[in-house]
Amino acid sequence: MNAEKERFASFDLTDKVAIVTGGSRGLGRAIAGGLAAAGADVVVASRRLESCQDAAQEIASEFGVRTLAISCHVGKWSDLQELADFAWDFGGVDILVNNAGISPVTPPMQDVTEELWDKIQDVNVKSVFRLTSLLGPRMIDRGGGSVINVSSAGAIKPLPLQMPYAASKAGVNSLTRSFAHALGPTVRVNAVAAGPFRTDMATTFDLPEVAAELEAIPLRRAGEPNEIVGAVQYLASDASTYTTGAILEVHGGFW
């Protein structure tokens with residue numbers, strides 16, 4: 001095999017098993033399809049089983065890979081144990097994509113409730129810690145793997161209306177680097193810092209503050225879900241064997 005063929009073969013995920021949380025829609029759905037396109041079998045996890053089943057069936061039909069649909073509330077400790085066990089029984093886990101998250105428009109800081117704060121942290125941060133803690137050691141025993149956390153440019157450049165969300169994603173960045181040390185050298189752990197993407201969760205684009213930020217982005221637009229796929233394929237594959245503890249920025253130049 002010549003060097004050119006070897007370079008492209010390193011992106012092949014055939015015989016790998018990937019979990020994508022929040023995999024039934026938005027960025028997660030695009031990521032799940034992208035990993036399947038590279039050859040991986042995919043576990044699609046989110047709260048609504050029917051949505052997971054629909055996504056899993058579509059992916060299996062389009063790419064000819066094995067898929068599994070699992071209902072899971074990632075903010076609940078016990079649900080993550082069940083997800084880890086079911087996914088492992090499916091064929092082990094080589095790739096974990098901690099994508100599930102919530103990004104509600106929050107009220108003025110003095111009106112943020114403890115309930116809202118805890119809900120955001122539970123889904124966005126606690127889930128990353130818990131699921132990676134459950135599967136990381138098993139991946140070490142299996143001989144390797146890749147954990148990919150979907151973070152946000154808002155963790156680095158937070159807007160006032162994003163305080164709880166931005167804080168949660170800053171926590172994801174911290175966990176990414178901590179887990180890279182804790183699970184290394186066998187398992188790699190990285191994050192993708194996503195900018196504004198046009199998904200069904202994107203409810204803030206019409207707000208003046210966000211509209212101004214979009215105008216300041218060098219590409220002058222929000223991203224489409226498929227535009228995050230290449231970054232995740234890279235981090236999931238052998239193309240990134242010397243990349244760990246990194247925060248890969250995919251945000252159109254969001255500075």
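Numbers for the structure displayed
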item: Residue within region 75-85 that is within 17 Å of the chain's Cα centre (by Cα) and surrounded by 24 or more Cβ atoms within 10 Å (Cβ to Cβ) present; result: yes
item: Any hit, region 186-202, residues being modelled with pLDDT under 90, of a type in the set (S, T, N, Q) and outside any helix (DSSP H, G or I); result: yes
item: Residue 127, sole failed condition from (1) farther than 22 Å from residue 234 by Cα; (2) surrounded by fewer than 19 Cβ atoms within 10 Å (Cβ to Cβ); (3) of a type in the set (Gly, Ala, Ser); result: (2)
item: Selected residue [out of contact with any helix residue (DSSP H, G or I) (no Cβ under 8 Å at 6 or more places or on another chain) and either more than 28 Å from residue 143 (Cα to Cα) or touching a residue at least 12 places away in the same chain (Cβ under 8 Å) (or both)] from 89, 54, 94; result: 54
item: Some residue of region 68-90 being under 22 Å from residue 227 (Cα atoms) and not in a loop (DSSP other than H, G, I, E, B); result: no
item: Complete set of residues in region 100-134 that are in contact with a Leu (Cβ under 8 Å, 6 or more places away or on another chain), hydrophobic (A, V, I, L, M, F, W, C) and part of a loop (DSSP other than H, G, I, E, B); result: 105
item: Failed condition for residue 151, given (1) in a strand (DSSP E or B); (2) surrounded by fewer than 21 Cβ atoms within 10 Å (Cβ to Cβ); result: (2)
item: Filter pass, residue 142 being among the basic types (Lys, Arg), surrounded by fewer than 18 Cβ atoms within 10 Å (Cβ to Cβ) and in contact with a helix residue (DSSP H, G or I) (Cβ under 7 Å, 6 or more places away or on another chain); result: no
item: Filter result for residue 69 (in contact with a strand residue (DSSP E or B) (Cβ under 6 Å, 6 or more places away or on another chain), of a type outside the set (S, T, N, Q) and within 20 Å of residue 233 (Cβ to Cβ)); result: no
item: Unmet criterion (only one of (1) of a type in the set (Gly, Ala, Ser); (2) surrounded by fewer than 23 Cβ atoms within 10 Å (Cβ to Cβ); (3) closer than 24 Å to residue 233 by Cα; (4) touching a residue at least 12 places away in the same chain (Cβ under 8 Å)) for residue 64; result: (4)
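Quick grid of which residues meet (1) within 28 Å of residue 158 (Cα to Cα); (2) modelled with pLDDT under 95; (3) among the acidic types (Asp, Glu):
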{"residue": "1", "(1), (2), (3)": "no, yes, no"}
{"residue": "17", "(1), (2), (3)": "no, no, no"}
{"residue": "32", "(1), (2), (3)": "yes, no, no"}
{"residue": "95", "(1), (2), (3)": "no, no, no"}
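The values are calculated or read from the model by the stated rules, or taken from the named source; none is laboratory data. None of these values were measured; they are calculated from a predicted model. Every residue, glycine among them, receives a Cβ derived from its backbone with ideal geometry; neighbour counts consider all protein chains shown.
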